[in-house]
Every structure is written in structure tokens, then in C-alpha cells.
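Engineer: Got a structure here, written out as C-alpha cells. Questions coming.
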């Protein structure tokens with residue numbers, strides 16, 4: 001079955017770690033997921049960031065090299081072509097839970113990063129004027145300090161226990177409330193608030209589609225369709241965006 005994208009006016013796509021798996025990046029909740037490791041989970045807690053920032057940097061700093069060396073795959077490229085195929089009267093928004101920046105590297109333009117970007121660094125102080133900046137250093141030797149205020153610098157990602165960026169969440173929910181096609185790809189679909197996105201889309205009357213390697217457990221009845229397979233194979237075929 002193929003999705004006729006031309007039949008929809010306002011399309012919202014949500015992506016998770018499964019989209020980047022074919023690029024060689026580990027997922028979070030799969031059989032070999034990062035969150036299976038208790039030490040990794042602890043390093044991603046906001047409390048650890050404040051009390052043991054060196055541990056946080058060991059986790060996220062180590063993620064920078066793999067992210068820099070891998071390349072976007074066919075799923076990323078299909079989403080680029082999907083966006084490029086939009087007519088002037090259509091709207092397209094890509095919301096991602098991923099922190100690898102591969103959508104932008106592939107060429108996607110309208111992207112909202114729910115959880116930030118691991119290749120960027122920002123100041124811990126909310127009153128500091130230092131803007132988040134792209135940072136190639138893994139900071140494995142010592143915890144970096146802000147050049148403006150002297151506070152500890154941190155990876156520009158959302159930790160467990162932190163709120164999502166307010167403006168990013170606002171833009172996401174606004175788009176979902178008026179969309180007529182919602183596709184979730186490569187995500188477990190069980191973690192809030194992204195798990196609630198499909199419900200917003202269904203209330204808006206959208207067609208809702210779940211694409212993932214494994215079925216959602218437990219199922220969410222707000223998804224009208226479920227298609228199982230690898231994102232890099234399934235997405236181009238379903239959306240007619242193959243090579």
C-alpha cells in the first residue's frame with residue numbers, strides 16, 4: 001500500500017531512534033538499547049548533570065564521534081524528498097526525538113528537535129547570554145566552563161527529569177491540532193509527550209499511521225494503521241519516495 005501524499009494538506013511526521021538505526025546508531029529502547037544500561041540511564045538524569053557533570057559528559061561526549069562519522073540513510077532521504085514534493089498549498093513538519101542532527105544533514109528543512117542536539121553545547125546558567133553552539137569536543141578530559149560567565153557547560157539535550165523546550169513543544173502541538181496526516185516512524189510511541197501526539201492528531205481528524213520494526217506494546221487505539229518493517233525500507237515504499 002502507498003500513501004498518496006497529494007491528498008493531504010497538513011502533514012506531520014514524528015521520528016524516533018529507529019530512523020537512525022540503519023546509519024549505525026544504537027536505539028534507546030530496543031533489545032540492545034542504550035537505556036538497558038543502568039549507568040547510561042543514570043548519566044542521562046538531570047540530577048547527575050548537576051552533581052556529576054563529568055559523568056554526563058562521558059555519556060554524551062562519547063556520542064558525538066559516532067554521530068559525526070555516520071551518514072543519513074534511506075529513511076532520512078525519503079523524508080527529504082517528501083518535504084520537497086509538497087505543493088505551495090501543503091504544509092509539512094518533521095518532529096524528531098533524535099539528537100543526532102541527521103535529518104538536517106540529509107537536507108530536511110522544517111525540523112523541530114524535541115530533545116535537542118548532542119553536537120551542540122550550551123551554558124548551565126539560564127541567565128547567561130551564551131547561545132548554544134556546535135561543538136566537536138567530547139570533553140572527556142575535564143568538564144568545560146562557559147567563556148562568558150564561568151558556569152559549567154552542558155550538552156544541549158533534554159535530560160530525564162527536564163521539561164521539553166517550551167517553544168518547540170508549542171509549535172509541535174499547534175501543528176498536530178490541525179494536521180490531516182500524522183506518521184510516527186521508528187519510535188516506541190510510549191513516552192510522553194510524544195506518545196500523546198497521535199491523540200492530538202486523531203482529535204483533529206487526521207489519518208494516523210505507525211511505522212516501526214516492532215508492534216506498539218501496548219497498542220494505542222489512536223493509531224489507525226500499523227506497518228511493521230525497517231524504516232529505511234518501509235518509508236520510501238509506503239510514501240512512494242524510493243530511489
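Every number in this text was worked out from the coordinates using simple rules, so none of it is lab data. Keep in mind that what you see is a predicted model, and the values were worked out from it rather than measured. We place every Cβ from the backbone using ideal geometry, glycine too, and count neighbours over all the protein chains shown.
Engineer: Specify the residue with the greatest mean-square fluctuation among 40, 13, 80, computed from a Gaussian network of the chain linking alpha-carbon atoms under 10 Å apart.
Structural biologist: 40
Engineer: Of the candidates 127, 140, 188, which one comes out as most mobile in a Gaussian network treatment of the chain with C-alpha springs shorter than 10 Å?
Structural biologist: Ranking 127, 140, 188 by mean-square fluctuation puts 127 first.
Engineer: Moving on. How tilted is helix 194-203 with respect to the longest principal axis of the chain? Cα atoms for both, answer in degrees (0 to 90, nearest 10).
Structural biologist: The answer is roughly 30 degrees.
Engineer: Run the numbers on the chain and let me know its relative contact order in percent, using alpha-carbon pairs under 8 Å that are six or more apart.
Structural biologist: Answer for the chain is 25 percent.
Engineer: Taking the chain as a Gaussian network, where each spring joins two C-alpha atoms under 10 Å apart, which residue of 76, 227, 103 fluctuates the most?
Structural biologist: With Cα springs under 10 Å in the chain, the top fluctuation among 76, 227, 103 is at 227.
Engineer: Here's something else I'd like to know. Among DSSP beta bridges whose residues both lie in the range 153-243, state the antiparallel percentage, nearest 5.
Structural biologist: 0 percent
Engineer: Run the helix sum for the chain: -39,500 (n - 2.57) per DSSP H stretch of 4+ residues, divided by residue count, reported at 222 nm to the nearest 500 deg cm²/dmol.
Structural biologist: That comes out to -8500 deg cm²/dmol.
Engineer: Now, a different point. Among 86, 159, 1, what is the fewest-to-most ranking by other Cβ atoms within 10 Å?
Structural biologist: Fewest to most other Cβ atoms nearby, the residues stand as 1, 86, 159.
Engineer: Under the rule a/c < 1.5 gives rounded, and otherwise a/b versus b/c splits prolate from oblate, where does the chain land using the Cα gyration tensor?
Structural biologist: prolate
Engineer: In percent, how large is the relative contact order of the range 186-233, given Cα pairs closer than 8 Å and 6 or more residues apart?
Structural biologist: Relative contact order here is 37 percent.
Engineer: Calculate how many DSSP beta bridges within the chain are antiparallel, expressed in % of all such bridges and rounded to the nearest 5.
Structural biologist: Here the antiparallel bridges make up roughly 25 percent for the chain.
Engineer: For 160, 120, what's the fewest-to-most ordering of other Cβ within 10 Å of each Cβ?
Structural biologist: So the residues, fewest neighbours to most, are 160, 120.
Engineer: Give the relative contact order (percent, whole number) for the range 155-243; include only Cα pairs under 8 Å separated by 6+ residues.
Structural biologist: RCO, the range 155-243: 23 percent.
Engineer: Please rank 45, 82, 2, fewest neighbouring Cβ atoms within 10 Å first, as an exposure proxy.
Structural biologist: 2, 45, 82
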